[in-house]
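Undergrad: Can you read through this structure? Questions will come right after.
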Amino acid sequence: MFRQSFIHIHGVGPKLEQALWREGVTDWLKALDTPLERIAHVKADWVKRGSEAALRAAERGDLAHFAQCWPSRDAWRWLAEFADRVVYLDIETTGEPKEIGDITCIGLYDGRTPRMLVHGHDLNQLPEALAPYSLVVTYNGGPFDLPFIRAKFPGIRLPPLHVDLCPSLRHVGLKGGLKSIERQAHLDRPEVVEEADGWTAVLLWRRHLAGDERALPTLLRYCAEDIVALEPFARIAYNRHLDALAIKPPGVERLKQAPRLRLDMPFSRELLAELTGIHLPSAPSMVRETAPPWQAMVRPPVMQSAHEKAVEWLKKKTEEK
């Protein structure tokens, strides 16, 4: 669907694109070789100019050209073209805004092997780890993961193309958080992280800093489960969007649904039960009046520091306005 698309060309909407397909104009090269007599002269000129620009950009590997002009709603069309140059990405953080918080770990998955980068160990290798890829796929990465990464790695060169599966899946009827959508798509995650969420990941990192040897492997397993779930979700999004098209260009087929990768990574059931069995605050700025002994040891200084920094940051932003 990449080279068959005209939706990124100025003046081309879904109706005109489908009219082109109906006339046998199924890719950019054919658009240049076809008279386009049944299309208004001005629009035909737009199509030819846009197709020529797309061909030249593709030939020189200028994917930034497509990132700039392609409607985000139709980014799903990149998934098949760049299947061999895609990386699925998810981050975990300290639970604070990007201005004051930190990334604790980043999970990367190329469809074959997960790779985990950890704060204080090899997180600084992220730029090199992302270099081979043309397309990054996230879940809610547009407003969260990628801005956080840019804040912590100023000047980093991310893959030029990005598909955020959160809005992409929402447009085809799958709504909610990642776990909710997994259930809707009958892709329930393994029991080991069924009850964990982003806040659990924050607490796992704090337990790790407090010296709990069970915490880091469990955090990495949680993050890894998220990234391996993105591949089947990407295929679901692609197929559902393709099926929703009133007219499809010839030769474009649905992606084969890949099974979810089964991970063989250590984790602690006991620690997950301990964390998820407690009524936890929904935001880092909230502090429980009563807490188990381990929370009393780990959380107060961290929470107090985060709260103070957040208040100072918000005060500064207010004064600037």
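A short reminder: the numbers here are calculations on the coordinates, not readings from a lab. All of these numbers come straight from a predicted model, not from anything done at the bench. For neighbour counting, all protein chains shown are included, and Cβ atoms are generated from backbone atoms with ideal geometry for every residue, glycine included.
Undergrad: Over the chain, what portion of Cα pair distances is larger than 37 Å, expressed as a whole percent?
TA: 27 percent
Undergrad: What is the distance in Å between the Cα centroid of the range 1-32 and that of the range 33-47?
TA: Each part's Cα centre sits 11 Å from the other's.
Undergrad: Share of antiparallel DSSP beta bridges in the chain, in percent to the nearest 5?
TA: 60 percent
Undergrad: Count the lysine pairs in the range 77-276 whose Cα atoms sit under 24 Å apart, keeping only pairs 8 or more residues apart in sequence or on different chains.
TA: Total qualifying Lys-Lys pairs in the range 77-276 comes to 5.
Undergrad: Under a Cβ-only charge scheme (Lys and Arg +1, Asp and Glu -1), can you give me the dipole magnitude of the range 58-116 about the Cα centre, in debye to the nearest 20?
TA: Roughly 200 debye for the range 58-116.
Undergrad: Under 19 Å from the Cα of LYS48, which aspartates and glutamates turn up, not counting those fewer than eight places away in the same chain?
TA: Straight-line reach from LYS48, under 19 Å: GLU17, GLU23, ASP27, ASP33, GLU37, GLU59, ASP62.
Undergrad: Moving on. How compact is the range 14-70 by the rule of thumb for globular proteins, expressed as Cα Rg over 2.2 N^0.38 Å?
TA: 1.13
Undergrad: Quick one: net charge of ASN140's neighbours, Cβ under 10 Å, K/R +1, D/E -1?
TA: So the environment of ASN140 carries a net charge of -3.
Undergrad: Let me ask something else. Quick one: angle between helix 215-244 and the longest Cα principal axis of the chain, in degrees between 0 and 90, rounded to 10, please.
TA: The answer is roughly 20 degrees.
Undergrad: Which peptide among 201-211, 216-226, 172-182 comes first, and what is the full order, when sorted by highest mean count of other Cβ atoms within 10 Å?
TA: In decreasing order of mean packing, 201-211, 216-226, 172-182 become 216-226, 201-211, 172-182.
Undergrad: So for the chain, taking the charge dipole from beta-carbon charges (+1 Lys/Arg, -1 Asp/Glu), which of ALA210, SER72, GLY50 sits furthest toward the positive end?
TA: The one lying farthest along the dipole's positive direction is GLY50.
Undergrad: Around TYR238, what is the net charge, scoring Lys/Arg as +1 and Asp/Glu as -1 over all other residues with Cβ under 12 Å from its Cβ?
TA: 0
Undergrad: Okay, moving on. If contacts are Cα pairs under 8 angstrom and at least 6 residues apart, what is the relative contact order of the range 23-88 in percent?
TA: Contact order relative to length: 25 percent.
Undergrad: Follow-up question, since we're still on this one. With a ≥ b ≥ c taken as the square roots of the eigenvalues of the C-alpha gyration tensor of the range 152-239, please select rounded if a/c is under 1.5 and otherwise prolate if a/b is larger than b/c or oblate if it is not?
TA: It comes out oblate by the Cα gyration axes.
Undergrad: Under 14 Å from a label point 7 Å along Cα→Cβ of LEU255: give me every residue in the range 77-93 with its amide N that close.
TA: 77-89
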